[in-house]
4 protein chains.
Amino acid sequence: MVHDLRVGMIGGGQIAKTHVLAYHSLGLLHQITSVRPVLASVAEANESLAMSAAGRLGFESWTEDWKVLTRSDKIELVDIITPTYMHAEQGIDGAEHGKHVLCEKPLATNAADAKRMYEAAKKAGVANMVGFNYRKVPAVTFARKLAQSRSLGKLFQFRASFQEDWAANAEMLLTWRYAKKTAGGGALADLGSHVVDLARFLIGDVKSVCGIQNTFIKERRVSQNSDERKPVDVDDSTIALLKFRGSDVLGRVETCWCAQGRKVFLEFEINGSDGSVYFNLERPNELQVYSSADPKDRLGMRTVLIGPAHPYGEAMVFPAAGTGMGYEDSVGNEIAELVESIENGKMNAEPTFYDGWKASEVLEAIRDSCTREAWVNLNS
Amino acid sequence: MVHDLRVGMIGGGQIAKTHVLAYHSLGLLHQITSVRPVLASVAEANESLAMSAAGRLGFESWTEDWKVLTRSDKIELVDIITPTYMHAEQGIDGAEHGKHVLCEKPLATNAADAKRMYEAAKKAGVANMVGFNYRKVPAVTFARKLAQSRSLGKLFQFRASFQEDWAANAEMLLTWRYAKKTAGGGALADLGSHVVDLARFLIGDVKSVCGIQNTFIKERRVSQNSDERKPVDVDDSTIALLKFRGSDVLGRVETCWCAQGRKVFLEFEINGSDGSVYFNLERPNELQVYSSADPKDRLGMRTVLIGPAHPYGEAMVFPAAGTGMGYEDSVGNEIAELVESIENGKMNAEPTFYDGWKASEVLEAIRDSCTREAWVNLNS
Amino acid sequence: MVHDLRVGMIGGGQIAKTHVLAYHSLGLLHQITSVRPVLASVAEANESLAMSAAGRLGFESWTEDWKVLTRSDKIELVDIITPTYMHAEQGIDGAEHGKHVLCEKPLATNAADAKRMYEAAKKAGVANMVGFNYRKVPAVTFARKLAQSRSLGKLFQFRASFQEDWAANAEMLLTWRYAKKTAGGGALADLGSHVVDLARFLIGDVKSVCGIQNTFIKERRVSQNSDERKPVDVDDSTIALLKFRGSDVLGRVETCWCAQGRKVFLEFEINGSDGSVYFNLERPNELQVYSSADPKDRLGMRTVLIGPAHPYGEAMVFPAAGTGMGYEDSVGNEIAELVESIENGKMNAEPTFYDGWKASEVLEAIRDSCTREAWVNLNS
Amino acid sequence: MVHDLRVGMIGGGQIAKTHVLAYHSLGLLHQITSVRPVLASVAEANESLAMSAAGRLGFESWTEDWKVLTRSDKIELVDIITPTYMHAEQGIDGAEHGKHVLCEKPLATNAADAKRMYEAAKKAGVANMVGFNYRKVPAVTFARKLAQSRSLGKLFQFRASFQEDWAANAEMLLTWRYAKKTAGGGALADLGSHVVDLARFLIGDVKSVCGIQNTFIKERRVSQNSDERKPVDVDDSTIALLKFRGSDVLGRVETCWCAQGRKVFLEFEINGSDGSVYFNLERPNELQVYSSADPKDRLGMRTVLIGPAHPYGEAMVFPAAGTGMGYEDSVGNEIAELVESIENGKMNAEPTFYDGWKASEVLEAIRDSCTREAWVNLNS
């Protein structure tokens, strides 16, 4: 007996497409056969957008009012793909009405809201996941496996960076992404949230932070039809030092969306006493691995092409190393795990809202440290 | 009014999965909305395999007899994913019964069969495509665009290689891929057919060839339950020189499935009087581009990350350079073009069976030149 | 009339070899013909070491007492290649006795000593250079040229790293490099001094810093004949944030000598509003260059192979891009400029002791910020 | 007692510089102390050139008549750096007058001349070396060690290429390098001779060959002061298949000096049953090494940075992996071995004139096969 998991999606923009692809491929790629996602309804800001999204994405129905979804008896899973400032109200409303909630990252514009979301989901006992999909890139998951198995020995350093360049275009409009109120921050919130989550995923809890930030393009145009420009109140670039709880590891994260030439340049390196790993999302199907135990004349970073021998190998479209997962596959892995955890009743697929909250705490502490020009401790 | 395009698939193995994904994503990724593929029926060698394939792949029905598909009134498109020796009979039967035919590569085990397939499809006026999907990798299509636009100037050299390493494992069983009768050849037929097609796609018709071949692992086990080994009668490696019709370009293609460390190492380089391009499928979302017109102190191969500005950019899951297409996306592009050409009645989506036949002629000439240790001319 | 420039070298260890090669090749590679360095005398810690060094390196004479060199009438240039704690006394004594002084980096174990060296050289009017040779790698000099010519537009970010792995070997003895008193610091003093100098060279003066440090291998063996281990009082790794004077550029430098797999991994990236450059010393003859002015479909990091069109191109052994300079050539470029500035009487070849002092100030501020866990301002 | 090895150099052009550097560094880098090369005399085409070369390169004297060198009692080693067509007469004259001979590559314009040179040297019992210096790049020597130690298992494939782009400039003058009579061939003789030598060095004797050639730029200007253009009678590009004696290895070599974007792109790959190596001269201090014995999830090409653990490691300027040898160092290694073999009386430093002759035979066979459009066998 196949269970129809009825999905209500709030927001039908760019990212929606990858989610829809993921729901479609659960059976084929993830061998999930006891449950079948049904694209029940999509909510958008107005009738025209909602209708168009439903047609384009293949939803059975649409609505202008997202509360129709969070409160419907016919919806089991609410998938939130809206600007960050809307996440808290939508996520909490969903949880309080017994819906499982998948929410895009960052979880909220501030740590307090993120915490409320976590608490609401916990209280409701619903599955809850924040969309830090890069955890689910097979090479990244494999890097964690190596780090935790002590293949790398005692861990020494974690350094991560996420650089893109689209915002270097000074003519980009002042959308919600460029405002603190709506996005919670700039590059740090949008891209940096991923590397902060990876710091937690790959190393562990963050104890204290100290950062610097800058806004290179101080004003942006408010609309395409006007030359009016208004100040940008979020960072174009942030660099931060990290100390970890209960660990000697030195950490550094950084992000910028004005780094010319870098497209989806999310890289990290972990160095341990016995080896290192290096990853770069621009070459997502490779992990560089070094072991100091190799013969002296054959020491070298290995370019490991990810394949069936690695995490999520069983979900490969074609089971051969190097054939490559695309961007959408990390989202597919994420949603597969969420759906499985709903089916088996454990509701524990990670990253949960707890992870989203903890990442938001770190982001907030970094912003705070930049303003105060001082180290900031996180609560334990 | 949406047209349901009913698909009958012959063969439900590894590659079937990518085709099914492609059929599912035509609307979402390729904005094809006037037609909707329906997975009508799948044929496999016996009841058990067929039933399992239908379940796994999501077909409405299944059959043990592929002729049920080629001759059914309810099927419009026959998708052939079987061992090469079966292609000709299946493809011709499909065409003769008015079905559009998509056939995996190489088109046939020999050029005569391939020609018969081409002629049957032509006579029937049906859409016909051979699955040389690497033409549809955006970076490859873009390389062709540069070569044809004369960005590279007068073309000088074309060199291509396809190296993999799974067959270096001497314990691989003697499957149909290792027999001339069933596969038409070894590495040359399986992998080399792709580079021969790329030679035609990127440069033009081949005039004459001269090659060498070798079988490194002379015998393979016939089954997992026995130690018996039988001779392999196909190549593990082939290297061939090419001359092109009406052109000065020097060509070289080569392939091996015993090249340790190379996973899906399909690379090519085109050098012209004014520039060069280099591609490697292990890094599928990059094209190296060189222009001799760059300033003298800034000459260099550029690593162009493929994105919305490039061919198939509108079909990207997420419209940002570097986010990357996966293995399945080249098949998606291929099937999208096939379906579009069916819908618009032109039946001309390439590579057609004509291309499949011409590639088979080259492959046969190469094999012939290896045996005769001499140059072999192709008919004009 | 050729001038014999008599060189007295203090210290005849590993690095001495590259200096000697450089003195030999001034005429051949740098077309310096009016002056000919003469390897007059070498000083070492005792008779046996000194005699051996003179023989091995080709000096006319040797001494156990370095003051014989700083005070000899027969020596014009003193070349100091000793442990850092000796630099100040030796350099000042040389300057006060009218000798030109070339001193290995870092200039001193602390900023006060470095300042005294700078002042002594200034007062004496002698040529003075600190051996930050990586400034003289052609790709690095070219990067600076691009940054200063505004090819990159307004500068946004400077990020640099120097990672090696030899100290990850826990059995390395507790030599002078692992003690604050003799080396002034650990990885930060040894490797980090280079990146701090590059920050000044490529961007400008540093205004304030904040760092973290760690010592991963807390104790090291005192000698090969004993198991006794003593505490290490210097850093194995340091990461620091930088703000620059009169500039918006965000800076980050970091270094570690326990980073498994990284050999001479000195990398930096400069991002500006219109382009970027990336350099890595493990591939010293390449500079990655990006320009946002390239055609939209051909945007990409260019791998520029350094050659005759670039800085120091006229000093290439073989005048062809990509033939490559070796490690010794950056030292050759440095010494050629020093000798030229002596010959032309300008005594201004950079990096001077002023640069050495300024780097030491930054290093000291970073160490200070690590201890105090706070931002530290540098004096203007 | 140090032996003064008096060197007479014939030809004082571009390449002379690297030889002179090598003679200077024998003691410092190669610990050769019992013999000291003396730059006795240099011969050039006329008085002005000869005098200038002597000054620039540091020779004690000069001559317009190279026979002064080959016949002088004061010269022990004749170093020939002249256009190829002069090698035979000069080399034979030197050998017949008892001189050791180092001759640049290719040894002669044709195999018959090369054989005469070999026989003359053999008869005279003098040391004789042909300047295939890329054998002496440490990564290349290390590749051979791996291939011969069976680390790679049974060898399957050898593929090598040497691509440069300076001749793509159609305005390059018709110098001796572009004429068969003076150079013996085009890209094949100049660059291809290196890869043919590497085929012999890395795999073994060549049994038969078949190639294609082309001249892309059919005419070149005869002088800078005239617009007159004359036909080029040598290849711009050659690609050849190779079979080896007593081996199953499939071989392919290719070369072009019009390959835009490729600067000193000398690459080779060796695939064996158990592993592979890949080398590229544009990154000379790296060897890619793959072993199929690595753990399944950590299989990958390793980027081995060459250092003290590798061949010629004791001759490194600075003894650390990755610090890098420059272009001149392979020539230094070559000359060090030649001088050592003179000193120890063995006269056997490779590659000898025998190797030069055997390479010339292969080159001639390739040219022949191109003309005849057929396979050509080499004599055993």
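Every read-out reported here was derived from the displayed coordinates using simple, explicitly stated rules and does not represent laboratory data. Bear in mind the structure is a predicted one, so any value in this text is a computation, not a measurement. So basically every Cβ, Gly included, is an ideal-geometry build from the backbone, and we count neighbours across all protein chains shown.
Table for the structure above
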item: Cα gyration tensor category, rounded, prolate or oblate, for the protein assembly as shown with a/c compared to 1.5; result: oblate
item: For chain A, share of DSSP beta bridges that run antiparallel, in % to the nearest 5; result: 60 percent
item: Sequence-distant lysines (8 or more away, or on other chains) whose Cα lies within less than 30 Å of D:Lys154; result: A:Lys296, B:Lys180, B:Lys181, B:Lys218, B:Lys230, B:Lys263, D:Lys136, D:Lys145, D:Lys207, D:Lys243, D:Lys296, D:Lys358
item: Estimated inter-spin distance, A:Glu171 and D:Ser52, nm [label 7 Å along Cα→Cβ]; result: 5.3 nm
item: Neighbouring partner chain Cβ atoms per residue of A:236-244, average, 10 Å criterion; result: 4
item: Cβ nearest the rotation axis (C onto B), residue from chain C and distance to the nearest whole Å; result: C:Arg302, 2
item: Spacing of the two label points (7 Å from each Cα toward its C-beta) at B:Arg229 and B:Ala293, in nm; result: 5.7 nm
item: Taking all pairs of distinct alpha-carbon atoms in the stretch D:140-264, Kirkwood radius in angstrom; result: 15.8 Å
item: For A:Ala374, label point 7 Å along C-beta direction: distances to other copies, nm; result: 0.8, 9.0, 9.0
item: Neighbouring partner chain Cβ atoms per residue of B:276-284, average, 10 Å criterion; result: 4
item: Normalised contact order of the stretch D:170-295, rounded percent, pairs of Cα under 8 Å and 6 or more residues apart; result: 21 percent
item: Ranked packing of D:28-40, A:160-172, most packed first, by mean Cβ within 10 Å; result: A:160-172, D:28-40
item: Calculated label separations, B:Lys218, copies of the chain, 7 Å along the beta-carbon direction, nm; result: 5.0, 6.3, 7.9
item: Separation of the D:Val2 and B:Lys218 label points, Cα + 7 Å toward Cβ, nm; result: 5.9 nm
item: Sum of -39500 (n - 2.57) over DSSP H runs of 4+, divided by residues of the protein assembly as shown (222 nm, nearest 500); result: -9000 deg cm²/dmol
item: Cβ-defined net charge surrounding C:Asp205, 9 Å radius [Lys, Arg +1; Asp, Glu -1]; result: +4
item: Most to least packed among A:345-352, C:372-379, D:323-330 [average Cβ atoms within 10 Å]; result: D:323-330, A:345-352, C:372-379
item: Shape call, chain A: gyration tensor on alpha carbons, a/c limit 1.5; result: oblate
item: Relative contact order (percent, whole number), the stretch D:1-116, Cα cutoff 8 Å, 6+ residue spacing; result: 27 percent
item: Relative packing of B:225-231, B:14-20, C:282-288, which averages over residues the other C-beta atoms within 10 Å, highest first; result: C:282-288, B:14-20, B:225-231
item: Residue-averaged beta-carbon neighbours from other chains (10 angstrom radius) around B:159-169; result: 3
item: Candidate lysines - alpha carbon under 28 Å from D:Lys74, same-chain residues fewer than 8 apart omitted; result: D:Lys17, D:Lys99, D:Lys105, D:Lys115, D:Lys122, D:Lys123, D:Lys346
item: Whether the stretch C:1-78 is rounded, prolate or oblate, judged on the alpha carbon gyration tensor where a/c under 1.5 counts as rounded; result: oblate
item: For chain A: relative contact order, % (alpha-carbon pairs under 8 angstrom, 6 or more apart); result: 20 percent
